[in-house]
Amino acid sequence: MDKTKNKNIKRVIALILVVLLISVATAIPFLLKSNTEADGSAASILSGTVNVETINSEVIGGGTLYSENETVISVPTSVKLTEFLVNNGDYVNEGDAVAKVDRVTVMLAISEVQSTLNDLSKEIKTESSASTTEKITAEAGGNVKAVYASAGDNVQDVMLAYGSLAVLSLDGNMAVKLVVDSDLKAGDEVYVAWETQKVTGKVDSNLLGELVIKIEDDDYPIDQEVTVSTIDDVVLGAGSLYIYNPWNIVAYDGVVDEVKIKEGTSVSAGKTVITIKETGTSAYYKQLINQRHKYEDLMFDLFKMYQTETIYASTDGMVTGIDEKSVQLLSYTSGIKSEIVMLSNAPNGNDEISYVNRIAKVTAKGQNGWGLIVDPTDVEITDYKNLSAVVVDQNNMNEISTFNPYSSEYPTPVYELKDGEWATVELDKISIGDVLLFAGDSEGNVIWIVRMESAKPQVTPNDQNGSGNTGNTGNNDGPSQGNNNGKPTYNSSDFLKDKYRVPSSSSRGNTTTSNSGSTSNAEVTLDLYSLDVADIMTITPQEEIYLDISVNELDVNKLKVGMKAEVKINAYSTEKFLGMISDISNQGTNNGGYSFYTVKLTVAKEENMLAGMNATATIVVSTESEVLSIPVEALAEKGHTTVVYTGYDEANKELINPVVVTVGVSDGNLVEIKDGLTAGQKYYYEYYDTLVTNNQSGSSFNFSFNRRIFF
């Protein structure tokens, strides 16, 4: 009895355990589902009907506004301002006064420029007689693809025939360019074939109907005619092979001395590849001459600045970059007076400079300079534009001297007033009988010469040959001695030797040259003759402003120069501005496996539209009217196809009835349905506000997004 009872109890316990196990097993999925829902955000189920819409295909990009052709107004650092006449944001016209300067410091700058001109002149003289053998070195390593020049060849003849002396390939690639309408993308493989050769190439770019194919070079000939076809052997067209990344070795004068490279060999960066002799003046010499011209222009500008004590705008535009506490302002600068005391000769200690001025008359001209009779009396002048009060006393011109404005040290500038403005006078335009005002500083440096047309004295009967009191013949062979009727004897000393001495050239370092004596290579530094300048303001033209956007290689082919763009500026979020594509780069930058190209937009500038503002451009590349459309989010992927779900199982909480669709254009919000759905048909899709992804370490990354795009 006890045994039977025990067996029944065991059966009941076993039955209870089985029921519990089944219950637990049944509950596990629900527990797991609850945990999953607790860990992440559930999708919302949205629905809609297929509508007929107009869809614009757009390219959108952002960037920062910038200006071009800005004019920076600079002055030598020794020039100090007394005040700004404009403020940041002001609009000025060319010729408007923008700042006032201190005349004393302008004189200091003039002295510095003159010293630099002296140094340049000496270097020009030295360089003109230096050896002119030039060495051409490789800018980068590469393979020698072609050599056109040989020793003894005239450089100009070779350049005329071939466009270069030799050509290097810098990256070891050849290319062929086709004008063809193709859907190929960068990176797609194609075949390039000629004669018995057939190699695999890759599409480098497909931009505006121009297809560029690149192949690895294996000593392939330049200009080889090739045929390009797809991997399926569909012929795309024919073209000529060219060096994808060439470096042309060029020169412009002289005779080839030695060619140090051969076709088919490699060259390392910095190696001498060709030497040129008999080049005439070197490139360095030409740079020196060019720099000297710039300093001559600066001297003229400083001269006008001294007269007016004013700086003027050189173009129309908006003023920026003014620093009200600039060190160029005298109120924020110390030590100015001690800097310029050496230039001041005022006995009362006034720091306003008074030039040392002498009046002289030209009595002879020649290659060696001018013969002069000079008034030894210093003339005090406060306004060089008003010389009517200057007394020209020919009887007091009792010093005889000579002055060479063509001196190898520096040619002295000559000015004259024309219609109230200063104009330069060519030295060969100076005539015998001209009266000149020589202006110099207290150290005896001739700064400039003024031709006093209105003050030219009349030639007296005793001076019929135009030689003044010298009594010389007035010929053009240079100054000569003659009977002076009791006046001081003519001598060949420099003009006003004691007063107007030419300053000794200051040391500015050494100019390095190559072993061949050439000074045309990059070793030479023209900074030895640079003058420190300070930027005081910038004037930006107001007609246009620019925006660069980066466009994917898949979209850049849709764009063309001249297309309009709608530009939104973050600072003016409610306004829209009109822009236009003005340039499309043909060189892409790889990023994440795709190439991106810079597209430049020109925007009509509005008031308060400033460089540096962030902006976004939208370019409509095509418009499709009355097409079937649904939201981009309604697209889903199933296997390798794009589908749209046309049903929803409420009981099982799942999307059903997927329909395979063919999509067309999209504006990022709506997508065209070309096949699979009909107007008015209902669709369903899941929409997530937040996506939670767990990485292996267990930390979570949250990504917020508005839509999912599956194509």
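The values are calculated or read from the model by the stated rules, or taken from the named source; none is laboratory data. Being a predicted model, the structure only gives us computed values, none of them experimental. Every residue, glycine as well, gets a Cβ built from its backbone with ideal geometry; the counts of neighbours run over all protein chains shown. Surface accessibility is based on the protein's heavy atoms, side chains included, excluding ligands, DNA and RNA. Shrake-Rupley method; radii C 1.70, N 1.55, O 1.52, S 1.80 Å.
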Heavy-atom accessible area of residue 365, protein chains in place, probe 1.4 angstrom, given in Å² to nearest 10, is 40 Å²
Taking all protein chains in place and a 1.4 Å probe, what share, in percent, of the accessible surface of segment 206-248 do carbon and sulfur account for? 44 percent
Hey, could you pull the Cα Rg and Dmax for segment 148-219, both in Å? 16.6, 51
What do you reckon, how do 629, 74, 111 stack up by accessible area (1.4 Å probe), largest on top? 74, 111, 629
Considering only protein heavy atoms, with the full assembly of protein chains and a 1.4 angstrom probe, order 566, 416 by accessible area, largest first. 566, 416
Residue 424 accessible area, assembled protein chains, probe 1.4 Å, Å²: 100 Å²
Largest-first ordering by accessible area, 1.4 Å probe, given options 273, 147: 147, 273
With a 1.4 Å probe and every protein chain kept in, tell me what percent of the accessible surface of segment 563-700 is carbon plus sulfur. 44 percent
With all protein chains modelled, accessible area of residue 427 [1.4 Å, Å²]: 30 Å²
Please report the base-10 log of the normalised intensity I(q)/I(0) for segment 80-224, using a Debye sum with one equal scatterer per alpha carbon and no solvent, at each q in 0.12, 0.19, 0.21, 0.22 (1/Å). -0.79, -1.27, -1.34, -1.35
Please report, in cubic angstrom per residue, the volume enclosed by the convex hull of the alpha-carbon atoms of segment 252-312. 141 Å³
For segment 68-151, compute Rg over Rh where Rg is the Cα radius of gyration and Rh is the Kirkwood radius from the inverse mean 1/r over Cα pairs. 1.26
Evaluate the relative contact order of segment 58-124 (contact order divided by residue number), counting alpha-carbon pairs under 8 angstrom at least 6 apart; express in whole percent. 31 percent
If Rh is defined by the Kirkwood formula over all Cα pairs and Rg also comes from Cα, what ratio Rg/Rh do you get for segment 150-191? 1.23
Taking the alpha-carbon centre of each part, the distance from segment 228-276 to segment 580-631 in Å is 36 Å
Compute the distribution of all C-alpha to C-alpha distances in segment 79-120, in bins of 5 Å from 0, and list the percent of pairs in each, rounded to whole numbers. 6, 19, 18, 16, 15, 13, 9, 4, 0
Sorted largest first, the Cα spans of segment 538-636 on the principal axes come out in Å as 54, 33, 23
Would you please give the FRET efficiency between residue 290 and residue 578, computed as 1/(1 + (r/R0)^6) with r the Cβ-Cβ distance and R0 = 45 Å, to the nearest 0.05? 0.60
